[in-house]
Amino acid sequence: MTKPSFKLLPILLLLFVGSGMCALIYEVVWFQLLELVIGSSAVSLGVLLATFMGGMCIGSLWLPRVISNKHHPLRVYAALEAGIGVCGAIVLFVVPLVGNLYSLTPGHGFIGIAMRAVVAAICLLPPTILMGATLPAVARWIESTPKGISWLGFFYGGNTAGAVIGAVVAGFYLLRVYDMSTSTFLAAALNFIIAGTAFTIAGKAPLVADVGSEGNFPEAESENAAGSRLIYVVIGMSGLCALGAEVVWTRLLSLMLGASTYTFSLILAIFLAGLGIGSAAGAGLARALARPQLALGWAQALQIAGIAWAAFMIAGVLPYWPINPSLSPSPWFTLHVDISRTLWVVLPSACLWGASFPLALAAVVKRNEDAGKLAGRVYSANTFGAIIGSLAFSLVIVPTWGTQHAEMILLALSGVSALIAFSTVLAKARNLATVSVIATLAMMIGLGSTVPAIPGLLVAYGRYMVTWLDRVNVIYVGEGMNSSIAVSVLEQGGATQFHVAGKVEASNLPQDMRLQRMLGHLPALVHPNPKSVLIVGFGAGVTAGSFVPYPDIKRIVICEIEPLIPQVVSKYFSKENNDVLHDPRTQVFYDDARSFIITTKEKFDIITSDPIHPWVKGAASLYTEEYFQEVKAHLNPGGVVTQWVPLYESNMAAVKSEVATFLKVFPQGTVWANNVDGKGYDVVMMGGNDAMTIDVNRIETQLRSANYQRVAASLADVGISSSLQLFATYATQANDLGAWTADAEINRDRNLRLQYLAGTGLNYYRGESIFDAMIAGRHFPQNLFVAENPWKEALRAMMGTGN
């Protein structure tokens with residue numbers, strides 16, 4: 001007859017699945033919410049991740065030391081789940097308040113980093129400490145036997161399976177359809193349901209569950225304390241390698257798949273799925289193994305092959321699949337292909353890392369030990385290693401040595417971890433341990449020397465790499481702290497292109513040069529007397545360099561998230577950008593633009609923004625209503641702002657959202673076209689903190705003056721030889737866009753709707769139809785220009801506008 005407490009274990013396993021689902025919903029929401037406050041640079045994300053995982057580590061160690069084992073473990077677990085739900089809801093309201101505090105402090109240098117850590121700690125430590133305490137709490141209900149410890153492995157695997165569900169539900173549905181508040185309250189409600197269920201079970205369950213026959217204890221029980229300590233080192237290194245590999249693979253796979261929010265959710269979900277599968281398998285093995293240390297060592301040793309396999313697939317196989325995403329841009333087709341490629345790379349190693357946790361538990365368990373303390377120690381060692389891995393690889397190893405050497409380091413660390421595990425059984429299983437050591441060393445030497453470098457063409461063209469084979473020379477590849485960048489030269493025509501994250505970001509091709517110059521010259525000429533300029537995003541530096549010829553501009557401030565871009569890329573475009581980086585008026589801030597604008601006290605006459613495509617994860621925060629409000633607040637009286645909006649690699653819903661959100665803050669805004677062969681390509685939105693009029697007579701006088709000859713030459717370089725040609729790029733204005741934007745979704749901080757809309761259109765090339773729909777209701781802007789009637793009539797003729 002099955003004992004009652006044993007029957008309850010599957011129910012508790014289901015509760016842990018729900019708990020993992022809630023945790024990942026919170027993680028996705030909190031990271032998105034806090035990125036809005038402290039930015040999305042590598043430093044900011046590193047602080048967030050370290051705080052999140054640090055809280056989990058603290059919680060796993062804290063509970064067994066603070067909460068007596070006299071309390072019923074399931075009641076403690078119920079209280080923790082209820083506390084997580086309460087904290088989850090509170091974070092939604094605390095973040096804006098703490099964000100206001102952060103906005104009052106300097107946002108740069110050591111003080112800025114320290115303040116980001118304080119903000120993250122205030123918001124994340126309370127709930128994450130409670131999350132980390134849940135496994136040790138439940139562990140106390142399980143006897144310290146091989147069968148009992150295997151159930152802890154199943155609980156860990158179930159929690160991870162729930163995390164997969166949470167990552168998918170949050171990333172692909174909740175945040176796409178609803179917002180952060182709805183997602184949070186749903187997760188909190190589930191926490192309360194779990195808490196209530198656990199509390200009810202506690203009333204029917206004994207203080208310690210009877211999980212069945214004990215079986216034979218593994219020989220780990222009789223090993224010395226030094227051997228047990230080495231197992232904690234091994235599981236810590238396993239966590240280090242797991243998170244280090246996730247950093248490297250996410251970076252490389254996002255080049256191949258497109259760095260959208262869907263890609264990041266997909267990679268996370270598959271990585272977690274592998275951990276869950278491996279944990280379940282490891283838990284099943286753990287109860288029957290006499291020497292789990294040996295199995296733990298082989299789990300690390302096989303990672304050598306797993307990491308080498310992933311490196312070879314990413315660099316030598318998957319990028320060459322004959323796929324042109326624009327031929328079938330359906331999001332569902334793209335998702336199918338992306339899932340296949342991610343599974344192929346990530347799953348083998350993730351399964352091995354997942355198996356390591358229950359094997360480590362089995363390797364250090366002792367008879368009659370407090371299972372809560374045991375689980376807490378192993379979990380905290382694994383989590384502590386994960387913190388080191390995520391920070392070291394994202395902030396130091398990849399930016400310093402690149403992804404190829406990062407993979408070599410991961411391979412070597414996995415080998416060392418295996419050797420440490422094998423050393424713990426040398427005394428009692430010398431032959432097996434010796435063979436294992438020799439095999440591990442052979443794999444380290446044989447596979448470590450074959451790790452391939454990432455193709456420069458993949459860094460340059462990402463998911464379109466195969467379509468550019470033999471058509472371009474990549475002359476520079478760099479892997480910075482925040483982005484991978486490349487510079488290439490076209491075989492035909494010799495144009496130079498600058499690439500970020502697998503896409504062309506700037507070039508000296510005519511259409512790109514015209515856009516970059518328009519972003520600078522339009523506001524600089526419309527503003528009657530600009531003195532200071534802020535440029536968001538350096539790119540090739542052409543927009544920033546457009547301000548260099550203006551004699552009255554005294555200050556040129558550039559905000560760029562990736563240091564490599566100004567320091568390296570600017571050299572390849574020094575002619576086109578007027579060597580702006582070395583102009584004495586120029587100052588560069590290396591930071592997330594949103595964080596810079598929130599914290600700076602400086603105001604500007606002109607703010608021009610050329611951010612990366614809105615489907616790239618993190619970029620949508622530079623297109624929100626709240627961000628535009630901050631931009632507006634940092635304009636001097638009479639100030640002008642310009643914003644780039646791409647029509648290619650986008651769809652109608654995304655462009656409508658971008659335009660409508662901008663015009664909500666700048667209701668007198670205008671739109672200017674950068675067409676290619678008369679067809680829509682991209683546009684520039686322009687607005688200000690006052691109603692705008694353009695004094696054409698003043699501008700023509702300036703362009704004819706000696707002081708402005710370099711300005712006129714800069715415009716002539718891109719085919720604009722007069723004010724008439726410049727302003728003939730006028731497309732439409734707010735008054736004519738009401739009907740077109742009536743059904744647009746406003747992109748706000750609370751929903752970041754744009755990144756989900758744009759993420760389904762990254763393989764579309766429908767700029768022509770989008771532009772035609774945008775200007776369908778336009779009229780001639782009679783009151784926008786202060787000019788003589790002949791000039792206006794000439795403009796009307798060039799625009800082809802009859803009314």
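Using R₀ = 56 Å, calculate the FRET efficiency as 1/(1 + (r/R₀)^6) where r is the Cβ-Cβ separation of Val86 and Val317; round to 0.05. Computed FRET efficiency for Val86 and Val317 comes out at 0.70. Candidate values (i) 29.0, 99; (ii) 27.6, 90; (iii) 32.8, 109 were compared with Rg and Dmax of the Cα atoms in Å computed on the shown model; the agreeing label is (i).
Net charge in the neighbourhood of Phe780 (other residues with Cβ under 12 Å of its Cβ; Lys, Arg +1, Asp, Glu -1) is +1.
Solvent-accessible area of the chain (1.4 angstrom probe, protein heavy atoms only): carbon and sulfur portion equals 63 percent. Could you please report the charge total around Trp249, scoring K, R as +1 and D, E as -1 over all other residues with beta-carbon less than 14 angstrom from its beta-carbon? Net local charge, Trp249 excluded: -2.
Scoring 532-539, 340-347 by mean Cβ neighbours within 10 Å over their residues and listing the highest first yields 532-539, 340-347.
For Arg514, neighbours were defined as the other residues whose beta-carbon sits under 15 Å from its Cβ, and their charges (Lys and Arg +1, Asp and Glu -1) total -4. Note on Ala633 and Val396: the model spin-label points, each 7 Å out from Cα along the C-beta direction, lie 3.7 nm apart.
At a 10 angstrom cut-off on C-beta neighbours, averaged per residue, how do the peptides 609-616, 284-291, 65-72 rank from highest to lowest?
On the way: 609-616: 24.6, 284-291: 18.9, 65-72: 12.6.
Ranked from most to least packed, the peptides come out as 609-616, 284-291, 65-72.
Please figure out what share of the DSSP beta bridges in the chain is antiparallel and state it in percent, rounded to the nearest 5. Intermediate results must be reported in sequence, preceding the final value.
Values: 34 of 56 bridges.
Of those bridges, close to 60 percent are antiparallel.
Annotation for Asp470 and Ala412: the two label points, set 7 Å from Cα along the Cα-Cβ direction, are 3.9 nm apart. Ignoring aspartates and glutamates fewer than eight residues from Lys554 along the same chain, the ones with Cα atoms less than 15 angstrom from its Cα are Asp583, Glu602, Asp605. Note on Phe185: accessible area approximately 100 square angstrom, rounded to 10, probe 1.4 Å, nucleic acids and ligands left out.
Would you mind working out the accessible area per residue for the stretch 444-517, using a 1.4 Å probe, and quoting it in Å²? Don't jump to the answer; show the numbers that get you there.
Working: 2690 Å² over 74 residues.
Normalised by residue count, the accessible surface of the stretch 444-517 is 36 Å².
Explain nothing, just the number: relative contact order of the stretch 295-373, from Cα pairs under 8 Å at least 6 residues apart, as a whole percent. Intermediate results must be reported in sequence, preceding the final value.
Details: 27 pairs, mean separation 43.6, N = 79.
Relative contact order of the stretch 295-373: 55 percent.
The lysines whose alpha-carbon is closer than 25 Å to the alpha-carbon of Lys70, local same-chain residues fewer than 8 away aside, are Lys3, Lys7, Lys147, Lys204, Lys366, Lys373.
Could you work out how much longer the chain between Lys554 and Thr200 gets when fully extended? Use 0.36 nm per residue separation minus the Cα distance between them, nm to one decimal.
On the way: separation 354, 0.36 × 354 = 127.44 nm, distance 6.99 nm.
Here the answer is 120.5 nm.
Given a cut-off of under 8 Å on Cα pairs at least six residues apart, what relative contact order in percent is computed for the chain? Spell out each step's value before the answer.
Numbers: 1595 pairs, mean separation 108.3, N = 803.
It comes to 13 percent, rounded to a whole number.
Highest mean packing comes first when the peptides 482-495, 754-767 are listed by Cβ atoms within 10 Å, giving 754-767, 482-495. With both labels modelled 7 Å from their Cα along Cα-to-Cβ, the Lys575 to Ala453 distance reads 2.7 nm.
Using a probe radius of 1.4 Å on heavy atoms only, what accessible surface per residue do you get for the stretch 636-761? Whole Å² is fine.
Working: 4320 Å² over 126 residues.
Averaged over the residues of the stretch 636-761, the accessible area is 34 Å².
A straight Cα-to-Cα reach below 15 Å connects Lys428 with the aspartates and glutamates Glu219, Glu221, Glu223, residues fewer than 8 places away in its own chain not being considered. Between Asp695 and Gln567, the FRET efficiency estimated from the beta carbon spacing at R0 = 41 angstrom works out to 0.60. A straight line joining the Cα centroids of the stretch 367-443 and the stretch 285-329 runs 16 Å. Extension gain for the segment Asp583 to Glu602, taken as residue separation times 0.36 nm less the Cα-Cα distance, is 4.8 nm to one decimal.
Among the trypsin sites (Lys or Arg not before Pro) found in the stretch 419-498, those both in a DSSP coil and sparsely packed, with 16 or fewer other Cβ atoms within 10 Å of their Cβ, are Lys428, Arg471. Based on DSSP H segments of at least four residues, each scored -39500 (n - 2.57), the chain has a per-residue ellipticity at 222 nm of -19000 deg cm²/dmol. The mean accessible area for residues of the stretch 1-140, using a 1.4 Å probe and ignoring ligands and nucleic acids, is 36 Å² per residue.
The values are calculated or read from the model by the stated rules, or taken from the named source; none is laboratory data. Predicted model only: the values in this text are computed from it and were never measured. Cβ coordinates were reconstructed from backbone atoms using ideal geometry, including for glycine residues, and neighbour counts include every protein chain displayed. Just the protein is used for accessible areas: all its heavy atoms, side chains included, with ligands, DNA and RNA removed. Shrake-Rupley method; radii C 1.70, N 1.55, O 1.52, S 1.80 Å.
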